Amino acid sequence: MPDLLLELRSEEIPARMQRKAAGDLKKLVTDALVEAGLTYEGAREYWTPRRLTLDIRGLNARSSDVREDIKGPAVSAPEQAIQGFLRKAGLASLAEAHVHSDPKKGDFYIAHIVKPGRPADEIIAEVMPGIIRNFPWPKSMRWGAASAKPGAMRWVRPLQSIVCTFGSETEETRVVPFEVDGLVAGNVTYGHRFHAPEAITVRRFEDYAANLEKAKVVLDAERRKQIIATDANNIAFANGLELVEDEGLLEEVSGLVEWPQVLMGTFDEDFLAIPSEIIRLTIKTNQKCFVTRKPGADTLSNHFILISNIEAKDGGKEIVHGNGKVVRARLSDAKHFWLRDQGDLPDLETLKASAAKFGLDLAKPLDQRMAKLDALNVTFHAKLGTQGERVARIRTLAAELAKVTGADAALVDRAVVLAKADLRTEAVGEFPELQGIMGRKYAVLQGEDAAVAEAIEDHYKPQGPSDRVPSGKVGLTVALADKLDTLIGFWAIDEKPTGSKDPYALRRAALGVIRMLLEKNTRLPLASVAKDPDLVAFFHDRLKVYLRDMGARHDLIDAVLTPEADDLLMVARRVEALTAFITSEDGRNLLAGTKRATQLLAAEEKKGTVVEGAVSPALLTLDAEKALHAAVESATKDAAAAVAGEDFRSAMEALSTLRAPVDQFFNDVLVNDKDPAIRANRLALLSAIRSATGTVADFSKITG
């Protein structure tokens, strides 16, 4: 079967857009071909900075014939209806139609239409111009003389050539002819812009990829990443260093080069006085370079690794020299930010009111920055006030939370009033991703307590499922207050997540609260803090997601989680204990017995059968029911005491004593006794079983 090769070559595509664009091209083309009646065996996309490529294998040479039956009117229908049917079916006369009979509706016309298949070349040529013209780039441009004309084609960067060849391994491939704004599809592409500018004639994918490699273009992005990672680690090791790995940067630089060449440069050791985080971000953001360190060291070395797209004749000396000049200039700026942030602000007199409001010491640089943040009335959200107002809210909430977490109230308060101060530093202004990190460093420099400095950094955590939770009590308290204030505030102004939209990352904030409570064994009555049942329900939904991700069964979560539950730690512990119990033999058998009791009870209640409110010992005539009554009373008492003591495993063990009496009861006792009083009493005993297990979980919600 034939294969299709498609290449769209352009000026450099932004690295962040390449992977998705290649995936979009694959989906758009394959969907269009399948919709047109073609099938294929496999498809794979490729991308480099200057091209999107699609390799489709085993494509039908022709689409299948399509048979369609068009039902017409009754043979006795008026002429107007019959003529409408002929037009719809594309028939010249009724002689081309067929008459079918229906026992109820009588005779009617029907047209059997056969639409013949079409050559794949024709279909490809038909669908490709529209796909290219309407390609979903996040940003696109027009270019050249044609750009002034209405409806001119747009592309992410000027589109330079199109390759489109089709054919099987046993025949010569042919160009699929189509044209888009003057660009005609052909079988010619070009390799590396500098090393191999000559034209390359293409037949099918194998020679295309091989010839590009000879022309110094590595087509496979994953292979480019592997080359860069391997060579970077090797050159670092050769110099007694180790690479500081960065998957995001690796993805980006692999999209900047077609022929990766790994080189090492240096900068002055004096710059190592700048925090490592600033050095790394300066070099990464401005020059797309990796940093290195001595094996096992916390701080960086003065060597950086750059990726060039040119195999230079001088071994890369000039490239390294040029990059080094830029890196040194950027690090000079970074050093300037770092030092300025440690100095006094020029307008301290205007900050006294804000300093008094938050108990700030204007002799200290970080305190000055917090006062400045408040004095400037920097907006947090139009409906939620300024950053200063938000800090005041967090301060009040954190004071209450400190009673729950056991954190030092004075240290918590100090951490809260300084937590957002670094938003007014020049380092964070240049690199927003350093907020919290820089606050900690500046706090240490001005002699803050270690727990306060740590909390300033940790109060943003966790920022995702792989991020750690705050390590200390002070940081935990401030982080909880920060996230809860966010959730409470946005719920108050009715800015809740909807569907897939969550612009304020409220789901992430709720999961962060849940992780902190569970991982730090912290009990917090959410209802009293949130003061909104809808927000508590939102936490329940997020807790279900978290527990399922941790391996808990959804039915066991539902069996434990009630709408009134606001102690998430206790819910998690109940689920854990129930999971262990229900997977044991006693648990499985008790579940079966409890379900039988519940179903019998529910069926009788539905019929209106009288069920006594309490069991009457005098009406218990059989040993099995007497034994069950005694076991239920004992288990109920023991389970309730264990639950009150938050010992859920012991509560489950208490319930497990019911297993044998329940089994014996159903073996020996007929619940629906002829005597109404005895029947009602035995139903009351079943109700007692349901109540006993209900002290721990709603067993009716457990499947299996």
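Given the whole protein assembly as supplied and a 1.4 Å probe, what does the accessible area of T621 come to in Å², nearest 10?
80 Å²
If we count every other residue with Cβ under 14 angstrom of A371's Cβ, Lys/Arg +1 and Asp/Glu -1, where does the sum land?
0
What does the charge count near L25 come to, summing +1 for each Lys or Arg and -1 for each Asp or Glu among other residues with Cβ under 14 Å from its Cβ?
Value of the local net charge: +3.
If you plug each phi of the range 184-197 into the Karplus form 6.51 cos²θ - 1.76 cosθ + 1.60 with θ = phi - 60°, what whole-Hz ³J(HN,Hα) values come out, in order, with x for Gly and Pro?
9, 4, x, 10, 10, 10, 9, x, 4, 4, 9, 7, 8, x
Whose amide H sits under 5 Å from the amide H of E258, counting only residues 5 or more places off or on another chain, with H placed in the peptide plane?
HN-HN under 5 Å from E258: empty list.
5 Å is the cut-off here: which amide hydrogens, built 1.01 Å from N in the peptide plane, fall below it relative to R154, excluding neighbours closer than 5 in sequence?
For R154, no residues qualify.
Of the labelled options (1) 32.9; (2) 26.7; (3) 27.8, which one gives Kirkwood radius over Cα pairs in Å as computed for this structure?
It is the value labelled (1).
Counting only protein heavy atoms and using a 1.4 Å probe, what share of the accessible area of the range 189-324 belongs to carbon plus sulfur, as a whole percent?
Carbon with sulfur: 50 percent of the solvent-accessible area.
So, with a 1.4 angstrom probe, what is the percent of accessible area on the range 523-584 that is carbon and sulfur?
The computed percentage sits at 54.
Using the structure shown, list the pairs from K27/K149; K544/K595; K27/K225 with a Cα-Cα distance above 28 Å, or answer none.
K27/K149
Under a cut-off of 27 Å between alpha-carbon atoms, report the lysines in cross-link reach of K383, not counting same-chain residues fewer than 8 places apart.
Excluding near neighbours in sequence, the set is K352, K357, K372, K420, K461, K483, K496, K501, K531.
Hey, can you list the DSSP H helices of the chain whose Cα span along the axis is 30 Å or longer and whose average Kyte-Doolittle score is at least -1.0?
15-35, 317-340, 585-607, 623-644
Starting with the highest mean, order 188-198, 280-290 by the number of other Cβ atoms within 10 Å, averaged over the residues of each peptide.
In descending order of packing, they fall as 280-290, 188-198.
Can you work out the accessible area per residue across the chain, with the rest of the protein chains kept in place, probe 1.4 Å, in square angstrom?
48 Å²
Give me the aspartates and glutamates in straight-line cross-link reach of K288: C-alpha distance below 14 Å, same-chain residues under 8 apart excluded.
E245, D246, E247, E251, E252
What are the residues whose amide H is under 5 Å from the amide H of V244, where those residues sit 5 or more places off or on another chain and H is modelled from the backbone?
Under 5 Å from the amide H of V244 lie the amide H atoms of V291, T292, R293, each far enough along the sequence or on another chain.
Compute the relative contact order of the chain as a whole-number percentage, counting only Cα pairs closer than 8 Å that sit 6 or more residues apart in sequence.
Dividing the mean separation by the residue count of the chain yields 7 percent.
Sum up the charges of everything whose Cβ sits under 13 Å from the Cβ of N309, counting Lys and Arg as +1 and Asp and Glu as -1, but leave N309 out.
So the environment of N309 carries a net charge of +2.
Can you send over the carbon and sulfur percentage of the accessible area for the range 369-416, probe radius 1.4 Å, protein chains only?
C and S atoms contribute 55 percent here.
Taking only DSSP H segments of four or more residues, each worth -39500 (n - 2.57), what value at 222 nm results for the chain once the sum is divided by all its residues, to the nearest 500 deg cm²/dmol?
That calculation yields -16000 deg cm²/dmol at 222 nm.
So between S64 and T39, what do we pick up on full extension, going 0.36 nm a residue minus the alpha carbon distance?
Stretched fully, the S64-T39 segment lengthens by 8.0 nm.
Test of understanding: what is the full-extension gain from Q83 to A409, defined as 0.36 nm times their sequence separation minus their Cα-Cα distance?
Gain on extension, Q83 to A409, equals 108.5 nm.
Of all the Cα-Cα pairs you can form in the range 150-277, what percent are over 26 Å apart?
Result: 45 percent of Cα pairs exceed 26 Å.
At a Cα cut-off below 19 Å, give the lysines reachable from K88, other chains included and same-chain residues fewer than 8 away excluded.
Candidates past the 8-residue exclusion: K71, K115.
The values are calculated or read from the model by the stated rules, or taken from the named source; none is laboratory data. Given the structure is predicted, the values throughout are model-derived calculations rather than measurements. Here the Cβ is made from the backbone with ideal geometry for all residues, glycine too, and neighbour counts use every protein chain on show. Keep in mind that these areas ignore ligands, DNA and RNA; they rest on the heavy atoms of the full protein, side chains included. Shrake-Rupley method; radii C 1.70, N 1.55, O 1.52, S 1.80 Å.
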